[in-house]
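What follows draws every value from the coordinates through simple rules; no lab data is involved. As the structure is a prediction and not an experimental result, all values here were calculated from the model. So basically every Cβ, Gly included, is an ideal-geometry build from the backbone, and we count neighbours across all protein chains shown.
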DNA sequence: CCCATGATGACACTGAGTTTCATTTGAGTG
DNA sequence: CACTCAAATGAAACTCAGTGTCATCATGGG
């Protein structure tokens, strides 16, 4: 029990099992494959019951993409804290850069492993897409609130979409190179992606 | 057997069961709810076996969104047939307009019912997202091929994303009004959505 | 008419996710 | 420290989507 004592013991225990499950899942899924690993094996490894697993995660897929989940939940927190001034797209970018820079150091490896895993299991890909879709919805809600716009405003949808896509592409390229260059390399790629967005609209055939 | 005789009988039969399944599914799911309807009930209604169902559709979710699937598969066909000249975004828009205009007349009602259904079942929402994601991938592949670009080119990702988002938002609004105004109303909304895209990038806080 | 091939149905099986309920364990109180 | 309440856990039975196998049936081509 070498954990941070600032929170009640109960909560610390819950967090510990959560981490243990996510770590074991990343290991098992990477070794044996996502489909080939049963939930039973996972919970035996961590020595908890299936009930406990489903109280910590809503689905088998969820435990595999903890790193992705952490990123976006931190992002939404950042976004809500910041006040929006000037170009909204720039705001979305800066919040993302700030969030990426602030993630705990061991996040890098877990994220690389996660993205690798996603490439091997269609079910995981689908789950990530679904999860990001929820994030976009939250982003739109947050922006609509701050800007006094309707949550159906097409512009907000486009902007949320762009931010997530910029991340997705940057992350893919970064992972493809083993996360070489660390957090800074990722951040650099992210800046490049955002800069490339306006040009996209004017892409034309020769 | 009042079907189009141009194809072999075997194929016609397969198509008929497929249609029957999709129609019954839309009816049952709308009445009882997606989760509350078991696959068993569905296949009993249509009088086929579970095996047959899974040869026609890859998942329970798939049979519920046939109208969505038809749209995008027609779109990809259109896109591949057209030659790309000038602005790519305009090309994506025009192909979408052309596709929407060419869908069989009974598509409207089925699509409205489908989108309604999706709003009631999280599993369906996730499945639609996943499906569209596959469509975007195909769009990107098609464009990369025609333009001689890399399939990882960020601009292609952005453009595919924008086209799908424009559709999604237009469709949502159209469905919200019961598909009033028919195909023409949908097409008008779609044009508006595409026109609103460039402005999005310059959205700023007051 | 016959044969090869592809579609179907029946059935058994796996594994994810839910539900229920009894048991344990941490938190607050006197 | 003892007691109590609430929350967390575990055990086990259950539902249902999805897979795999194999025997049977229908179709299309010769």
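Scanning segment B:111-130 for residues that are surrounded by fewer than 18 Cβ atoms within 10 Å (Cβ to Cβ) and under 17 Å from residue B:177 (Cβ atoms) returns B:116, B:119.
Of all the numbered requirements in (1) surrounded by 19 or more Cβ atoms within 10 Å (Cβ to Cβ); (2) assigned to a helix (DSSP H, G or I); (3) within 16 Å of DNA strand C (Cβ to nearest atom), residue A:92 misses one, and that requirement is (3). Among the residues of segment A:95-125, those identified as within 12 Å of another protein chain (Cβ to nearest Cβ) and free of Cβ contacts under 8 Å to residues at least 12 places away in the same chain are A:122, A:125.
Report every pair of residues separated by at least 6 positions or lying on different chains whose Cβ atoms are under 9 Å apart, first residue within segment B:37-56 and under 21 Å from residue B:123 (Cα atoms) and touching a residue at least 40 places away in the same chain (Cβ under 8 Å), second within 8 Å of DNA strand C (Cβ to nearest atom) and assigned to a helix (DSSP H, G or I). Once the first residue is under 21 Å from residue B:123 (Cα atoms) and touching a residue at least 40 places away in the same chain (Cβ under 8 Å) and sits in segment B:37-56, its partners that are within 8 Å of DNA strand C (Cβ to nearest atom) and assigned to a helix (DSSP H, G or I) give B:56/B:14; B:56/B:17. Among what's in segment A:161-198 and is at the interface with chain B (Cβ under 9 Å from one of its Cβ atoms) and either in contact (Cβ under 8 Å) with a residue 40 or more places away in the chain or not in a helix (DSSP H, G or I) (or both), pick the residue that is farthest from residue A:67 (Cα to Cα). Across segment A:161-198, the extreme among qualifying residues is A:197. The number of residues in segment B:68-89 being in contact (Cβ under 8 Å) with a residue 24 or more places away in the chain, within 14 Å of chain A (Cβ to nearest Cβ) and either surrounded by fewer than 21 Cβ atoms within 10 Å (Cβ to Cβ) or not in a helix (DSSP H, G or I) (or both) comes to 2. Looking only at segment A:99-139, residues that are part of a loop (DSSP other than H, G, I, E, B) and over 19 Å from residue A:61 (Cβ atoms) come to 4 in all. Counting only helices (runs of 4 or more DSSP H) that sit wholly inside segment A:6-67, those with at least 1 residues that are over 19 Å from residue A:114 (Cα atoms) and more than 9 Å from DNA strand C (Cβ to nearest atom) are A:9-32, A:39-46, A:50-56.
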